[in-house]
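Novice: Got a structure for you, questions after.
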Number of protein chains: 2
Amino acid sequence: MNAPHELQSRLVSRPLPGAMLQALRERFGARCSSAAAVREQHGRDESPFPTTPPEVVVYCESTDDVVAVLRLADANAVPVIPYGVGTSLEGHLLAVQGGVSLDLSRMSAVVQLNPEDLTVTVQAGVTREQLNQEIRDQGLFFPIDPGANATLGGMAATRASGTNAVRYGTMRENVLGLTVVTAAGELIRTGTRARKSSAGYDLTRLFVGSEGTLGVMTEVTLKLYPLPEAVSAAICHFADIDAAVRATIQVIQMGVPIARCELLDVNAVRAVNAQSRLGLREAPMLLMEFHGSDASVKEQAETVQAITSEAGGEDFQWASTPEERTRLWTARHKAYFAGMQLNPGCRTVTTDTCVPISRLAEIIKLSVADADASGLPYYIVGHVGDGNFHLAYLVQEGDAEQRALAEAMSLQMVQRAIALEGTCSGEHGIGLHKMGFLVDEAGAGTVALMRSIKHALDPKNIMNPGKIFDW
Amino acid sequence: MNAPHELQSRLVSRPLPGAMLQALRERFGARCSSAAAVREQHGRDESPFPTTPPEVVVYCESTDDVVAVLRLADANAVPVIPYGVGTSLEGHLLAVQGGVSLDLSRMSAVVQLNPEDLTVTVQAGVTREQLNQEIRDQGLFFPIDPGANATLGGMAATRASGTNAVRYGTMRENVLGLTVVTAAGELIRTGTRARKSSAGYDLTRLFVGSEGTLGVMTEVTLKLYPLPEAVSAAICHFADIDAAVRATIQVIQMGVPIARCELLDVNAVRAVNAQSRLGLREAPMLLMEFHGSDASVKEQAETVQAITSEAGGEDFQWASTPEERTRLWTARHKAYFAGMQLNPGCRTVTTDTCVPISRLAEIIKLSVADADASGLPYYIVGHVGDGNFHLAYLVQEGDAEQRALAEAMSLQMVQRAIALEGTCSGEHGIGLHKMGFLVDEAGAGTVALMRSIKHALDPKNIMNPGKIFDW
């Protein structure tokens, strides 16, 4: 089900009528491109799937632009794939039914910042790093940080999270409202700037995580947080992964409000050492961060130090200057690319299971045993405070056997996660890659209910068709 | 739009076929009742609407029972209204199209408690107090606490929150998964026990807040929290409401992780004094609670004391023994009934607006001026840390003029909240009462999208028909 050759069977020809292309060119001029290089760039993501380009790419600069494209697409029953900066991991952006790639990266304005309410509204193409740069001098930050510098529209679409989710939640908890262009080209708004609401169906959270299959989010209203008074980071090494995970479980069960709690296995440590010259001891480690007042940060760190030490942790070390912290976290965020650089010519097959915290040690142990036995290079990074981790298998591009081996291990891990009452995807989404897993996890009846919502909101199946579940 | 006489125009006759009644009686025996007293009890809630009884009440004891009723209802296109303990406030439970009231209060088992993962799965009829009693000796608690001792199914259905939401979020953030019986009588599950997931559409949050209009939630999986190491409560009086609200705004903007921050106006203080003999000074007050380690609680309280004192707060007083705290919070939770007891023969028209925190002082000030000018008795209690407050107008039962006056002020307040980028309902839901408000707030296009979901999931309009929006 998850082998790459399956992509062929999912391809559907839905040609874009010449009159529509003409209309797009008239309205968008140079912002409408059929150049091969542009189409190819928009027909792939960071997944190992082969490039599957759209027929045309349209660069939108406003919600009105999006409405114009959607009206044409609706009238012509042509697929539309919203595109941010192309960092998704599960094949979300592949134009398996052709159509228009709707590039929103130029919609990069901060629309309304309300520091006094800790809210901001941004256009969908604003990236998380840009946002944090623009709000920093107000003493604010937005915590959700997938490794890549993704757009906030893309992060909302995949219900992204990252290293801070253990304390601040995911995009699910941090999107207050949306401006959406529906499949019929109508403009609607969901939510308000109020922190909570019981007013009707929670459409905000229906669109968050819908992976572009229900409409196009053009503006996103987000919760912000005051920059903590004090921040400190610490690392701690362990003899084996199991000990590191057991320490994490205890930290969470104690209710320590830790802001970040990341696991790197020895392979990940080697990769970031090689790329960023960190000189870290090559052993499994936890990379942690504490936010709060001076006293609270000190107290949290002392509690965690006691727990890790009891669990066999060694070399508990502080990184209290901002420079040291930035260096460590930048290295962590680059682990994905660091891993690939260690293995030139490789693509990455990444797992994304998330389980109840007490089951984490078990699933990691079994998965590591499989990976070791397979002989494939791999590394593990994990948002272990959430019960979420990524095992990345590195496979030679074009090596079908390696790819199949990695996919088989990934499948097995997902089955384990489901048996342990967890999920096949903590934060990357379903895309093309995990469509089969979603049925295994949620059941056919639940997926049928999702499908009936899709049919109701997008009766012509134009919004990112062929993703999440079959039509 | 919101006057009580409007109820008449919403009544629709959908008779329950004799054969279906027969089938219900055969399966449920004494658990199927058409007695007038039972029907009347199930045809009202805490709203001021007149009782509108269902044709029959069925007491379910299992998910299978619910499936059986839904299959019959689907086959006969008969309305079904899920019922917990009847504490909703917006007319949710009125059988405006007749049909079956599905009483879930006997589904009161804790199905699966996983203290090591901080999760629990309960049947929908478990109340919040029962849950907290059953998990306390594990060192855990569930924070969401609407005033009433509601069922967790009912709380999920209205996306309830309460006094702890400022720190712990609402039902939106704290439901991990659901067992749902669909309108067609099919059993599905949403979510998992993992803390986060990107696996497909967020059906969990679609059902949370859907007020029984999309299906019946029979089991709810919830996040739990370790009981804080230290808890302390404090009260502080202010010369006027404005000063109290300004202090609150600053506490939130500073990022103090306050666990509860409740406003009582002088009328609310008088009511709880009269009911619970608290001897509180009769002035507007904040009732606050701090959770954390000893050091962190002390630090939070010191910061808040400094802020309130600068804002003109007086008499900052501690309630550090559990008994004192319980007494204060019990009084706060009983404010609704205390208010009614001060005014025998009254019904309450309660507002529920929630605005961005910086707009809170403004909307309260204007609303208080209106209420003072109206001559109607009223009181205010507010989850002001969230920007949410309730102004309760007390109207003589059956006095159409008073009722109309209260509804007109409520309408005006909602229009203000919407203009201030807030919501008509922070936590009570839409029900019958706020259907017009929802359109004003969300817009016709957004409500049409909600309606298309309803049509897709409940094509015969049998699930709590006539609520939230028109068919």
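Novice: I need the full set of residues from region A:212-248 which are surrounded by 22 or more Cβ atoms within 10 Å (Cβ to Cβ) and assigned to a helix (DSSP H, G or I), in order please.
Specialist: A:I241, A:A244, A:V245, A:A247, A:T248
Novice: Looking at region B:44-67, which of its residues are polar (S, T, N, Q) and either on the phi > 0 side of the Ramachandran plot or in a loop (DSSP other than H, G, I, E, B) (or both)?
Specialist: Pass one, region B:44-67, residues polar (S, T, N, Q): B:47, B:51-52, B:62-63.
B:S47, B:T51, B:T52, B:S62, listed by residue number.
Novice: Taking into account only those residues within region A:429-464 that are of a type in the set (K, R) and at the interface with chain B (Cβ under 10 Å from one of its Cβ atoms), which is nearest to A:S9 (Cα to Cα)? Can you show your working first?
Specialist: Going residue by residue through region A:429-464, those that are of a type in the set (K, R) are A:434, A:451, A:454, A:460.
Those left that are additionally at the interface with chain B (Cβ under 10 Å from one of its Cβ atoms): A:434, A:451, A:454.
Working: A:K434: 15, A:R451: 20, A:K454: 21 Å.
Step by step, filter region A:429-464, then rank; the result is A:K434.
Novice: To continue, here is another question. Limited to region A:250-266, what total is found for residues that are in a helix (DSSP H, G or I) and surrounded by 23 or more Cβ atoms within 10 Å (Cβ to Cβ)? Reasoning before the result, please.
Specialist: Pass one, region A:250-266, residues in a helix (DSSP H, G or I): A:250-253, A:266.
Applying the additional criterion that residues be surrounded by 23 or more Cβ atoms within 10 Å (Cβ to Cβ) yields A:251-252.
Matching residues across region A:250-266 total 2.
Novice: Which of (1) closer than 16 Å to B:A247 by Cα; (2) part of a helix (DSSP H, G or I) is the odd one out, the single condition B:G382 does not satisfy?
Specialist: With respect to (1) closer than 16 Å to B:A247 by Cα; (2) part of a helix (DSSP H, G or I), B:G382 is out only on (2).
Novice: A follow-up question, please. What is the one condition in (1) closer than 23 Å to A:Q8 by Cβ; (2) out of contact with any strand residue (DSSP E or B) (no Cβ under 7 Å at 6 or more places or on another chain) that A:Q402 does not satisfy?
Specialist: (2)
Novice: Based on this model, can you work out whether B:S358 counts as surrounded by fewer than 22 Cβ atoms within 10 Å (Cβ to Cβ), within 14 Å of chain A (Cβ to nearest Cβ) and either part of a helix (DSSP H, G or I) or at pLDDT 90 or above (or both)?
Specialist: Working: surrounded by fewer than 22 Cβ atoms within 10 Å (Cβ to Cβ): yes; within 14 Å of chain A (Cβ to nearest Cβ): yes; either part of a helix (DSSP H, G or I) or at pLDDT 90 or above (or both): yes.
Yes.
Novice: Restricting attention to region A:198-211, and to residues there that are not in a loop (DSSP other than H, G, I, E, B) and not aromatic (F, W, Y), which single residue is farthest from the other protein chains (Cβ to nearest Cβ)?
Specialist: Here is the first cut: in region A:198-211, the residues not in a loop (DSSP other than H, G, I, E, B) are A:203-207.
Next cut, not aromatic (F, W, Y) only: A:203-206.
Values: A:L203: 6, A:T204: 9, A:R205: 4, A:L206: 6 Å.
Only one residue tops the list, namely A:T204.
Novice: Would you point out the residue of region A:16-43, among those that are assigned to a loop (DSSP other than H, G, I, E, B) and either at pLDDT below 95 or in contact with a strand residue (DSSP E or B) (Cβ under 7 Å, 6 or more places away or on another chain) (or both), that is nearest to A:V349 (Cα to Cα)? Step through it out loud before you land on a result.
Specialist: Step one: of region A:16-43, the residues assigned to a loop (DSSP other than H, G, I, E, B) are A:16-17, A:34-35, A:42-43.
Remaining after also requiring either at pLDDT below 95 or in contact with a strand residue (DSSP E or B) (Cβ under 7 Å, 6 or more places away or on another chain) (or both): A:16, A:34, A:42.
Numbers: A:L16: 32, A:S34: 30, A:H42: 20 Å.
It comes out as A:H42.
Novice: Just to verify a result, which residue in region B:109-127, among those that are surrounded by fewer than 22 Cβ atoms within 10 Å (Cβ to Cβ) and away from chain A (no Cβ under 14 Å), is nearest to B:V58 (Cα to Cα)?
Specialist: The extreme case among them is B:A109.
Novice: Name, by its number, the condition in (1) surrounded by 22 or more Cβ atoms within 10 Å (Cβ to Cβ); (2) at the interface with another protein chain (Cβ under 8 Å from one of its Cβ atoms) that does not hold for A:K467.
Specialist: (2)
Novice: From the list B:Q341, B:Q317, which residue is away from chain A (no Cβ under 13 Å), in a strand (DSSP E or B) and over 25 Å from B:V439 (Cα atoms)?
Specialist: Details: B:Q341 fails: in a strand (DSSP E or B).
Within the list B:Q341, B:Q317, the selection yields B:Q317.
Novice: Which one of B:G398, B:G426 is under 26 Å from B:D145 (Cα atoms) and either more than 14 Å from chain A (Cβ to nearest Cβ) or under 21 Å from the mean Cα position of the chain (by Cα) (or both)? Give the derivation first.
Specialist: Details: B:G398 fails: under 26 Å from B:D145 (Cα atoms).
After ruling out the rest, the residue left standing is B:G426.
Novice: While we're on this one: Regarding B:G177, is this residue under 19 Å from B:E90 (Cβ atoms) and within 12 Å of another protein chain (Cβ to nearest Cβ)? Outline the logic, then answer.
Specialist: Working: under 19 Å from B:E90 (Cβ atoms): no; within 12 Å of another protein chain (Cβ to nearest Cβ): yes.
Considered against the rule, which asks whether it is under 19 Å from B:E90 (Cβ atoms) and within 12 Å of another protein chain (Cβ to nearest Cβ), B:G177 comes out as no.
Novice: So for region B:66-75 (the condition being closer than 20 Å to B:P465 by Cβ and basic (K, R)), does at least one residue qualify?
Specialist: Taking every residue of region B:66-75 in turn, at least one turns out to be closer than 20 Å to B:P465 by Cβ and basic (K, R).
Novice: Filter region B:148-169 down to the residues that are among the polar types (S, T, N, Q) and part of a loop (DSSP other than H, G, I, E, B) and list them by number.
Specialist: The initial filter retains those residues of region B:148-169 that are among the polar types (S, T, N, Q), namely B:149, B:151, B:158, B:161, B:163-164.
Selection gives B:N149, B:T158, B:S161, B:T163, B:N164.
Novice: Separate question: Considering A:D372, A:D294, A:D352, which residue is without any contact (Cβ under 8 Å) to a residue 60 or more places away in the chain and of a type outside the set (G, A, S)?
Specialist: From the options A:D372, A:D294, A:D352, the qualifying one is A:D372.
Novice: Testing A:A408 on (1) assigned to a loop (DSSP other than H, G, I, E, B); (2) away from every other protein chain (no Cβ under 14 Å), one condition comes back false. Which one is that?
Specialist: Condition (1) is where A:A408 drops out.
Novice: Based on what the data block shows, is B:L391 touching a helix residue (DSSP H, G or I) at 6+ places or on another chain (Cβ under 9 Å), in a strand (DSSP E or B) and either more than 14 Å from chain A (Cβ to nearest Cβ) or closer than 18 Å to B:I249 by Cα (or both)? Before you say what the answer is, go through the steps one by one.
Specialist: On the way: touching a helix residue (DSSP H, G or I) at 6+ places or on another chain (Cβ under 9 Å): yes; in a strand (DSSP E or B): yes; either more than 14 Å from chain A (Cβ to nearest Cβ) or closer than 18 Å to B:I249 by Cα (or both): yes.
Yes: the conditions hold for B:L391.
Novice: So in region A:136-147, with the set limited to residues that are more than 13 Å from every other protein chain (Cβ to nearest Cβ) and part of a helix (DSSP H, G or I), which one is farthest from A:V120 (Cα to Cα)? So that I can check it myself, show each step before the final result.
Specialist: Looking only at region A:136-147, we keep the residues that are more than 13 Å from every other protein chain (Cβ to nearest Cβ), and these are A:136-137, A:142, A:145, A:147.
Filter once more, so that each one left must be part of a helix (DSSP H, G or I): A:136-137.
Details: A:R136: 13, A:D137: 14 Å.
Here the answer is A:D137.
Novice: Follow-up question, since we're still on this one. When residues of region A:381-415 are filtered for being surrounded by fewer than 24 Cβ atoms within 10 Å (Cβ to Cβ) and either outside the structural domain of A:L286 (by TED's automatic domain parsing) or farther than 26 Å from B:R193 by Cα (or both), how many remain?
Specialist: The number of residues fulfilling the criteria is 11.
Novice: Let me ask something else. Among the residues of region B:257-267, is any over 21 Å from B:A331 (Cα atoms), in the same structural domain as B:A331 (by TED's automatic domain parsing) and touching a residue at least 24 places away in the same chain (Cβ under 8 Å)?
Specialist: yes
Novice: Just to check your reading of the model, which residue among B:R159, B:R189, B:R106, B:R167 is within 14 Å of another protein chain (Cβ to nearest Cβ), surrounded by fewer than 24 Cβ atoms within 10 Å (Cβ to Cβ), modelled with pLDDT of 95 or more and under 23 Å from the mean Cα position of the chain (by Cα)? Outline the logic, then answer.
Specialist: On the way: B:R159 fails: surrounded by fewer than 24 Cβ atoms within 10 Å (Cβ to Cβ); B:R189 fails: under 23 Å from the mean Cα position of the chain (by Cα); B:R106 fails: within 14 Å of another protein chain (Cβ to nearest Cβ).
One residue alone meets the criteria, B:R167.
Novice: If you don't mind, another one. Out of (1) surrounded by 17 or more Cβ atoms within 10 Å (Cβ to Cβ); (2) away from chain B (no Cβ under 14 Å); (3) not in a loop (DSSP other than H, G, I, E, B), what's the single condition that is false for A:I363?
Specialist: (2)
Novice: Out of region B:187-208, which residues are of a type in the set (S, T, N, Q) and closer than 20 Å to B:V120 by Cα?
Specialist: Step one: of region B:187-208, the residues of a type in the set (S, T, N, Q) are B:190, B:192, B:197-198, B:204.
Correct list: B:T190, B:T192, B:S197, B:T204.
The values are calculated or read from the model by the stated rules, or taken from the named source; none is laboratory data. Not measured: the values here are computed from a predicted model. Reconstructed Cβ throughout: ideal geometry from the backbone, glycine too, with neighbour counts over all protein chains shown.
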